[in-house]
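Step one of this worksheet: look at the structure below.
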Amino acid sequence: MEFAGEVVLVTGSGKGIGKAIATQFAQEGAFVCINDVVREDAERTAEELEKLGTKTLAVQADISKEEGVRNMFDLLFERFGTIDVLVNNAGVGDSLMVEDTTYEMWKKVIDINLNAAFLCCKAVIPVMQKKRHGKIVNIASVAAKKMSYHGGAAYTASKAGLLGLTRHLAYELAPYGINVNAVCPGATLTPLLKMSTSPAQLEAELVRFPMGRFSEAEDIANAVVFLCSTKSRMMVGQAIDVDAGELLAWTDFNSYQKYRKDRLRKFLGQ
Ligand SMILES: NC(=O)c1ccc[n+]([C@@H]2O[C@H](COP(=O)([O-])OP(=O)(O)OC[C@H]3O[C@@H](n4cnc5c(N)ncnc54)[C@H](O)[C@@H]3O)[C@@H](O)[C@H]2O)c1
């Protein structure tokens, strides 16, 4: 088991992508700290993962607050004494353009999606530097590289900022044997997406994905676990897209295929 006895913290892991990431680490023998702002979700997930035969710790904390982060790490270090892997996963969406976004909404999204990752990194850096070992993975989004399809301006800005933090920290911490990377999910079938979008809307959206399907939470978890494994030991500052080809497209896939066929017909004089 690749992560036997290693200590892993996944923020926002009570459900969705975070839960899938925490589950894969637990299956690989890691001791996993499950954080979520929703206590019941954190506790339920921790209970489920204990059944896999590993140790878990559920911590309810709002990690957009300095105090929440401090309390979470106090509990984590008290229980496990160290940390090997930090996955900054907790995130919220918004769906507004700049002109409709109040400063309060803007700050809320930036606090959860970007500032919380900064605070968690600050907490683990001294421990990882001392061990000269550690992995940090930030869960950004394809929105960081283009702009958000479901979300809004604050979301796009927060995720682009997270990639900036990833690159800077990667450079800063590489000499200590600490790998910092990011994963950029495209639309992923989590409870959040299923709740906010009707089955008909989801079906209609598939034209944006050359692979013709949405990613599942496990697809994102696979990339995270890879980035924390020895197989990726020379990778630093990367932002890996797991997006069914969404970012590759000029337009929706069906229109593009039609355009190509029309061009070919013209070329052949048909
Ligand atoms: N689902 C997608 O299509 C998609 C696409 C791109 C990126 N992402 C990113 O992946 C990550 C996980 O998304 P998801 O789809 O699983 O969402 P989700 O809403 O299912 O899960 C996010 C979890 O984070 C928790 N959380 C929110 N604010 C928190 C806070 N302040 N402190 C602690 N926990 C908090 C929530 O309670 C929730 O359990 C997010 O960063 C999101 O931006 C998701």
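Worth a mention:
- Lone qualifier among Asp94, Asp111, Asp74 - being among the acidic types (Asp, Glu), more than 26 Å from Thr230 (Cβ to Cβ) and modelled with pLDDT under 95: Asp94
- Subset of the range 23-46 (residues that are in a helix (DSSP H, G or I), closer than 22 Å to Asp74 by Cβ and either more than 15 Å from the ligand (Cβ to nearest atom) or in contact with a Ser or Thr (Cβ under 9 Å, 6 or more places away or on another chain) (or both)): Phe25, Asp41, Ala42, Thr45, Ala46
- Positions within the range 225-270 being part of a helix (DSSP H, G or I) and β-branched (Val, Ile, Thr), in sequence order: Val225, Thr230
- Applying the condition of being under 14 Å from the mean Cα position of the chain (by Cα) and not small (Gly, Ala, Ser) to the range 1-22 and asking which residue is farthest from the ligand (Cβ to nearest atom) yields Leu9.
- Residue list for the range 181-196, filter: within 9 Å of the ligand (Cβ to nearest atom) and among the polar types (S, T, N, Q): Thr188, Thr190
- Single match in Thr82, Thr11 (criterion: surrounded by fewer than 20 Cβ atoms within 10 Å (Cβ to Cβ) and of a type in the set (Val, Ile, Thr)): Thr82
Conditions tested, residue by residue: (1) surrounded by 22 or more Cβ atoms within 10 Å (Cβ to Cβ); (2) touching a Cys at 6+ places or on another chain (Cβ under 8 Å).
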| residue | (1), (2) |
| --- | --- |
| Phe77 | no, no |
| Leu86 | yes, yes |
| Gly91 | yes, no |
| Ser95 | no, no |
| Lys107 | no, no |
| Cys120 | yes, no |
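- The single residue among Lys107, Lys122, Lys146, Lys131 that is more than 23 Å from Val37 (Cα to Cα) and either within 16 Å of the ligand (Cβ to nearest atom) or without any contact (Cβ under 8 Å) to a residue 24 or more places away in the chain (or both) turns out to be Lys146.
- Any chance Arg132 is charged (D, E, K, R) and touching a Phe, Trp or Tyr at 6+ places or on another chain (Cβ under 7 Å): yes
- Residue in the range 26-46 that is touching a Phe, Trp or Tyr at 6+ places or on another chain (Cβ under 6 Å) and among the β-branched types (Val, Ile, Thr) present: yes
- Enumeration of residues in the range 67-84 that are away from the ligand (no atom under 12 Å from the Cβ), touching a helix residue (DSSP H, G or I) at 6+ places or on another chain (Cβ under 6 Å) and either charged (D, E, K, R) or not in a loop (DSSP other than H, G, I, E, B) (or both): Phe73
- Criterion: under 19 Å from Leu76 (Cβ atoms) and of a type in the set (A, V, I, L, M, F, W, C) - qualifying residue of Val109, Val127, Val142: Val127
- Unique match (being touching a Phe, Trp or Tyr at 6+ places or on another chain (Cβ under 7 Å), in contact (Cβ under 8 Å) with a residue 24 or more places away in the chain and either of a type in the set (D, E, K, R) or on the phi < 0 side of the Ramachandran plot (or both)) among Pro210, Pro185: Pro210
The values are calculated or read from the model by the stated rules, or taken from the named source; none is laboratory data. The shown structure was predicted, so the numbers you read here are calculated from the model rather than taken from an experiment. Using ideal geometry, Cβ is built from the backbone for each residue, glycine included, and neighbour counts are taken over all protein chains shown.
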